[in-house]
């Protein structure tokens, strides 16, 4: 989830600095807490609109899952934008930034970063996000300090490696991670997976993509926190209702991250052997 800097808060709304543009001096983002638009935000400067589950705030832990943020009407060719930003096509600078990210995430090689179409815009990494049909619908931006935001006019979606965009799995096992760095670690271990944007969003996109992929087994790996566990249970319930209509029904499992690790990437970097054993035990 994106962190935001809150300037003012009362019982009805939150005023914060918008993460979608360079909002440094005057807070323009308003998040409604009550009334008809409860749970929605709008930036009065750049026009960004959407749902507050994109942000790292905790005053509504029981908010039901809501649709992804709707982009403004401006048309952007996201496929062309993703190709333009690809770090693998940016020579020495791109290679240096990819190596830095590989080391930060503890990856054995840079192939997972290629699979995820990692880009570089001159000051931050970029990650393509897709809808359930595999169509690119936006770009997540992550600066060198780890701060994340969505590129303007993006919609939140799911992270899909190039392999799964090109192929129909039919019979394999697919993992669902929470976030792109967890997914990169899973790909580094040579497993197939897709990444959710966060614990509460984009379940519909995942279900739609699985209808195309037709896996034999689906395994969810949530972060080891309350939001991750609750989000995983809601997602599994929604997925169960949908796959009950499929001709070939996949097995569904949840792999809980072992204590004291906070998420899959933490587990991967601190005790890869025990993670590998846990993955092998749960795969049918």
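Every number here is computed from the coordinates shown, using simple stated rules; none is lab data. Please read all numbers here as calculations on a predicted model, not as lab measurements. Here the Cβ is made from the backbone with ideal geometry for all residues, glycine too, and neighbour counts use every protein chain on show.
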Handout entry: Fraction in percent of alpha-carbon pairs per bin - 10 Å, the chain
Key = 6, 28, 36, 24, 6, 0
Completion exercise
Sorted largest first, the Cα spans of the stretch 5-54 on the principal axes come out in Å as 28, 19, 16
Fill in the blank from the handout: Inter-part gap, Cα centre of the stretch 1-31 to Cα centre of the stretch 87-148, in whole angstrom, is 27 Å
Exercise for the section: Compute the FRET efficiency between residue 214 and residue 190 as 1/(1 + (r/R0)^6), taking r as their Cβ-Cβ distance and R0 = 22 Å, and round to the nearest 0.05. Expected result: 0.60
Completion exercise
So for the stretch 151-268, using the alpha carbon gyration tensor with a ≥ b ≥ c as root eigenvalues (a/c under 1.5 gives rounded; past that, a/b versus b/c decides prolate or oblate), I'd call it rounded
Fill in the blank from the handout: In a Gaussian network model of the chain with springs linking alpha carbons closer than 10 Å, the residue among 224, 166, 40 that fluctuates most is 166
Exercise for the section: Residues in the stretch 84-107, backbone N under 12 Å from the label point at residue 282 (7 Å along the Cα-to-beta-carbon vector): list them, ranges by number please. Expected result: none
Handout entry: Over the stretch 92-239, relative contact order from alpha-carbon pairs under 8 Å, at least 6 apart, %
Key = 20 percent
Fill in the blank from the handout: Per the rule of 0.36 nm per residue minus the C-alpha distance, extending residue 96 to residue 135 adds in nm 11.2 nm
Exercise for the section: Run through the DSSP bridge list for the chain and note the antiparallel percent, rounded to the nearest 5. Expected result: 65 percent
Completion exercise
By the mean-Cβ-within-10 Å protection proxy, highest first, 87-93, 125-131, 211-217 rank as 125-131, 211-217, 87-93
Practice task
Sum -39500 (n - 2.57) across every DSSP H segment of at least 4 residues in the chain, then divide by the residue count to get the 222 nm mean residue ellipticity, nearest 500.
Solution key: -9000 deg cm²/dmol
Practice task
State the Cα centre-to-centre distance between the stretch 255-284 and the stretch 174-251 in whole Å.
Solution key: 16 Å
Exercise for the section: Any chance you could run the full-extension gain for residue 245 through residue 77? It's 0.36 nm times the residue separation minus the Cα-Cα distance, nm to one decimal. Expected result: 57.0 nm
Practice task
Please find, in a Gaussian network model of the chain (springs between Cα atoms separated by less than 10 Å), the residue of 36, 102, 142 whose mean-square fluctuation is greatest.
Solution key: 36
Practice task
Take peptides 178-184, 157-163 and line them up by average Cβ neighbours within 10 Å, highest first, as a rough protection proxy.
Solution key: 178-184, 157-163
